[in-house]
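Bear in mind these aren't lab numbers, they're just calculated from the coordinates by the rules spelled out. None of these values were measured; they are calculated from a predicted model. Heads up, the Cβs are rebuilt from the backbone with ideal geometry, glycines too, and the neighbour counts pull from every protein chain shown.
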């Protein structure tokens, strides 16, 4: 965007919202919104505490493990569904159900099945992320150019070659899109898991700060979480743009 | 019956020629629809045979059966005396829509066939470079397909098919997606290839002029169900140079003759 002939850098609008936050905070309208400057000072303090670093580590661990399984299981499942009619008929209804289901309601069941530890949290995270990854990988394979498949076949590609050298690449733009949305959902999943299953990680911090009305701390941790999720999502969006040159012409 | 007719036609025109590819009594049904019926055809070694016919006459189907990409409902294909059961290294395919990997550079696309055959990277890239030069794309080794024009993309497809050094080259309307001027250049280059490469070319086209210009033998297919109606072997103008073909009386006569027999089948 341009303002008075100057080119504004991306996300300049955040400055306006930040100022608004500061003003509302300084006016002291509600204890719920402390001034942004105060939040930032608190953020700086909080980051150095061992409680925060432990929470960050626990959350990152559950998040990364959950996303890892969602990708490792989701992409091949989606690609196989796109290729095999039988598998597609068997699994597609379930994928669609789970994609739109309120997964939070399933968390108590997961607790019964997998206990109250890290394992249940990781599984919750995976469940939040995996369905859209499956669905997008499937869509990516479905739109593959028939003649690319014939080409690989006519030059004698083995099924493994076809999978890794044709299907995976041809579906990559959709797969990356799915992974990006999946990761955003995984952030939700890991926090919900930490709040509902066992109070650890960032979930525990949120619980602690809001119960004690430490709003500065609460917002500080929330900002960290948003920033992390946003960074990962932007990184994947960057990867998507890297393959965009062929997404339009396959 | 149809086969003996074919053989007679070939024998009459040119003495007995050795076949690199023969199709015997090929039928192909898609459910109720009969795409090909009892089609037999011989493809002489080292020559270019065109499959020509109105759209929907099953010429691409026949080509894909020869390639091993489709299975015939009945009948069989023989390449160099052995029966075709699927794609094989003795045949290479050039696709109408080029079928290039859009995420791979020209050199990787050209060496893809060799890669599938397990040729080591340095070796296959050396071979690919040679064929990229041969089709006139030197300097574009590291370009990507979307950076190339349609004609250049098909040159990549052609280099890929040549680099695996198959004896039989199957071309499915290879020039139909490129512009007219590029197509003329391609046709001239193709004549050079047929002369120098000592391969058997099977060429599907819907252009009568193109078929007459490039072919040693033209098989006219008629639709529903497809069968070979006629085999024409232009002979008089092949050695008169690429510039003189289009005004050679025999060339013009054959074009007219083919149009006369096809016009009733064109809606």
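The table below lists the values:
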quantity: Inter-site label distance for residue B:176 and residue B:55 at 7 Å from Cα along Cβ, in nm; calculated: 0.8
quantity: Length-normalised contact order for chain B - Cα pairs under 8 Å, 6+ apart - percent; calculated: 25
quantity: Relative contact order, percent, the stretch A:79-180 [alpha-carbon distance under 8 Å, six or more residues apart]; calculated: 34
quantity: Using alpha-carbon coordinates, inclination of helix B:2-14 to the longest axis of chain B, degrees; calculated: 80
quantity: Fewest-first ranking of A:21, A:131, using other Cβ atoms within 10 Å as the exposure measure; calculated: A:21, A:131
quantity: For B:157-164, mean number of other protein chain Cβ atoms within 10 Å; calculated: 1
quantity: Cα→Cβ-extended label distance, 7 Å offset, between residue A:87 and residue B:256, nm; calculated: 6.1
quantity: Residue B:122/residue B:188 FRET efficiency (R0 35 Å; Cβ-Cβ; nearest 0.05); calculated: 0.55
quantity: Cα-based helix-to-principal-axis angle, B:150-163 vs chain B, degrees rounded to 10; calculated: 90
quantity: Helix-only [θ]222 nm of chain A, DSSP H runs n ≥ 4, -39500 (n - 2.57) each, per residue, nearest 500; calculated: -26000 deg cm²/dmol
quantity: Average beta-carbon neighbours from other chains, 10 Å sphere, peptide A:151-164; calculated: 6
quantity: Three-way shape call for chain A based on the alpha-carbon gyration tensor, with the a/c threshold at 1.5; calculated: oblate
quantity: Packing rank of B:80-93, B:207-220, A:211-224, B:138-151, where each peptide gets the mean count of other beta carbons within 10 Å, highest leading; calculated: B:207-220, A:211-224, B:80-93, B:138-151
quantity: Mean Cα-pair separation over length for the stretch A:35-247, i.e. relative contact order, pairs under 8 Å, 6 or more apart, %; calculated: 30
quantity: At R0 = 30 Å, FRET efficiency that the Cβ-Cβ distance of residue A:226 and residue A:142 yields, to 0.05; calculated: 0.30
quantity: Cα Rg, Dmax, chain B, angstrom units; calculated: 18.3, 54
quantity: Where only C-alpha atoms are counted, convex hull volume of the stretch B:71-173 per residue in Å³; calculated: 111
quantity: Residue-averaged beta-carbon neighbours from other chains (10 angstrom radius) around B:98-107; calculated: 5
quantity: Residue-averaged [θ]222 nm for chain B, counting only DSSP H segments that reach four residues, each worth -39500 (n - 2.57); calculated: -11000 deg cm²/dmol
quantity: For B:40, B:226, order by how many other beta-carbon atoms lie within 10 Å, fewest first; calculated: B:40, B:226
quantity: Separation of alpha-carbon centers, the stretch A:157-228 and the stretch B:208-230, rounded to whole Å; calculated: 61
quantity: In degrees, nearest ten, helix A:172-196 long axis to first principal axis of chain A (Cα); calculated: 40
quantity: Ranked B:259, A:169, criterion: other C-beta atoms within 10 Å, fewest first; calculated: B:259, A:169
quantity: Descending principal axes extents, the protein assembly as shown, alpha-carbon based, whole Å; calculated: 101, 59, 48
